Amino acid sequence: MKPSILLVDDDKGIQFGFGKYLGKKGYTLTAVSSLAEARTCLSETRFDAVLLDLNLPDGNGIRWIAALRAECPGVAIVVITGGGDVPSAVEAMRQGADNFLIKPVDMSELDVFLQKSLELESLRRRQIAAERLRDRSAPFFGKSPAAVETRQLAEVAAANQAPVLLVGETGTGKGVLAEWIHRLGPRKSAAFVDINCSALGGDLLSSELFGHAKGAFTSAVQDREGLVEVAHGGTLFLDEVGDMDLGVQSRLLKTIEEKRFRRVGDTAVRTSDFRLICATNRDLEAECGAGRFRRDLFYRISVFPITLPPLRECSMDLAELAAHLLAELGRPDVVLSEVVLALFRGYPWPGNVRELRNALERALLLAGPLPLAPVHFAALQVSTEAPPATVPGPENWDAEQAEMLHLRSALERFGGDMTKAARALGISRSTLYRKLKRRLDS
């Protein structure tokens, strides 16, 4: 598959010549005449390479290269300069360009230059991805029986390539564990590609997963590969897979079974060899019974299920987990007092590890140079106050009651402002709304 190119040059002759030549070679070319137009294009469309003239009506291209490299680290940059301006080309290379062409451009060299630049960029992306994975700290595995079992199962999953289904409440670390399984597995040198299925609707999710052909829909201005293609040789992680529309579920099932797929609006059949890891906070068995999730897909993705325990079931690990999170936050020197730890153990942690991390980060900001104390965790204290007499005492609460009290307390504290309450809880506004609505409807 030939990549998409953005040409930034106000010379109409060059635009025509490049377009004609690159079109024959199978490239998709978009031509603009100014830096402003180029910035707009890059904000709306993903390109594989930028051919950049250094002398443009609204500025010198050299001054944009550093910003372009920072904003689009995966784009190959080839500058175009006049024959007498080689020093500028050298400076462009120092700023982050991969290569340069001198006018008049020899078309026979253009394809070679592009290929070399794209190969260099591919290596750079892989190196960045590998460094990012190496820099990630390992997930915290505690000593509680549930945590030990989770680690043992994760190690078995990492040693194999069967589809894995991670099940657990929001904030239990399913994404972190998925990446850890990838890093320990035989595909660790390839890409780890993740997507949150609840963030996109059916058509958008389908396009993101499988890619699309130019003209498939109104905004499809060029061919685009999907994440299934990007994950070839590596791991595809589908977070919140239980929120996937039935139509996309059908396409995913066929792709898993045949390792073949078609882009949206395309007839060409493509292949991708990827390892699949899925995660959900839903009961997929119940979703299948309700007709919201395909049972045949459920069987395919849950060959090796792993349940991540909620934090309230691992209270014996709280002290070590908090120390681990404090180290991640750059404060390994902070030691929590027994009073604070007692507060932690008496709190239900409906947001699990994510909520604990957010609570620690907020407390560090409030405390400044002072030791962390219960006053710095006011949200936990408010949320664990005794409920009205008509409500059973804490010893009789179930998980949903404890979570609902926590949500309502946060809302009261911020005067009903759902945005502020969600931020304090460490969840999104839509998640807070969904939790409240689900409870009211039940």
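No lab work stands behind these numbers, since they all come straight from the coordinates. Keep in mind the model is a prediction, meaning the values are calculated, not measured. For neighbour counting, all protein chains shown are included, and Cβ atoms are generated from backbone atoms with ideal geometry for every residue, glycine included.
Within a Cβ distance under 10 Å of Ala231, other residues only, what is the Lys/Arg minus Asp/Glu net charge?
-1
What are the radius of gyration and Dmax of segment 4-133, computed over its Cα atoms and given in Å?
My reading of the Cα-based Rg and Dmax gives 13.9, 45 Å.
Return the tail of the calculated pair distribution for segment 146-307, meaning the percent of Cα-Cα pairs more than 22 Å apart.
40 percent
If amide hydrogens are placed 1.01 Å from N in the peptide plane, which non-local residues have theirs closer than 5 Å to the one on Leu166?
Residues meeting the criterion, in which the H sits 1.01 Å from N, are Cys278, Ala279, Thr280, Ile306.
Just for segment 4-133, what percent of DSSP beta bridges are antiparallel, to the closest 5?
Working: 2 of 20 bridges.
Antiparallel: roughly 10 percent of the beta bridges in segment 4-133.
Strictly over 25 Å apart at the Cα level, which of Lys143/Lys420; Lys116/Lys254; Lys25/Lys103 would you flag in this model?
Check vs 25 Å cut-off fails for Lys143/Lys420; Lys116/Lys254.
So if each residue of separation counts as 0.36 nm, and I subtract the Cα-Cα distance between Lys24 and Lys254, what length gain in nm does that give?
Once the chain is fully extended between Lys24 and Lys254, it gains 79.4 nm.
Within the set of other residues whose C-beta is less than 13 Å from the C-beta of Ala290, count the net charge using Lys and Arg as +1 and Asp and Glu as -1. Present the calculation step by step, with values, prior to reporting the outcome.
Numbers: positive: Arg282, Arg292, Arg294, Arg295; negative: Asp283, Glu285, Glu287.
That sum, taken over residues with Cβ under 13 Å, equals +1.
What is the set of long-range amide H partners of Val50 at a cut-off below 5 Å, with H atoms built 1.01 Å from backbone N?
Hits under the 5 Å cutoff: Leu6, Ala76, Ile77, Val78.
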